[in-house]
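Take a look at the structure below.
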Amino acid sequence: MSQALPAASSVQLRSAAAPRSQPQPQSPEDDDRKVRRREKNRVAAQRSRKKQTQKADKLHEEYECLEQENTVLRREIGKLTEELRHLSEVLKEHEKMCPLLLCPMNFVQVLQEPVASCLPR
């Protein structure tokens, strides 16, 4: 009897210690459930990848639009900078010969009321 006891306890230990080492027979319902779960997971993964791709595509389109807008704005800055430089030169040349700026009496009048004689027509 002492021999039967250790043999039974060792069988219990083996089955309790390594239940995953030997595949248990599955019922057809378990197999169907596993197949459905895998299919559902596959579809969900496809949806997730598609959504991620769409998001990346949208970000790339937004990037392209912003790059184009940036280029247009930089051109406009260049044009406006050139216009500012030109108008500053015109003003500087005008100041050299403007009668209102040369005569101290006219300078006081400019502060009180605008004079349109210097402005281009």
Distance in nm between label sites at GLU76 and LYS40, each 7 Å beyond Cα in the beta-carbon direction?
-> 5.4 nm
Expressed in square angstrom to the nearest 10, the accessible area of GLU62 with a 1.4 Å probe stands at 100 Å²
Report HIS94's accessible area, 1.4 Å probe, all protein chains in place, as a number in Å² to the nearest 10.
-> 60 Å²
Inter-site label distance for LEU100 and LEU66 at 7 Å from Cα along Cβ, in nm = 4.6 nm
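The values are calculated or read from the model by the stated rules, or taken from the named source; none is laboratory data. All of these numbers come straight from a predicted model, not from anything done at the bench. Neighbour counts are summed over all protein chains in view; Cβ atoms, including those assigned to glycine, are modelled from backbone coordinates with ideal geometry. Accessible surface is based on the protein model in full, side chains and every heavy atom, while ligands, DNA and RNA are left aside. Shrake-Rupley method; radii C 1.70, N 1.55, O 1.52, S 1.80 Å.
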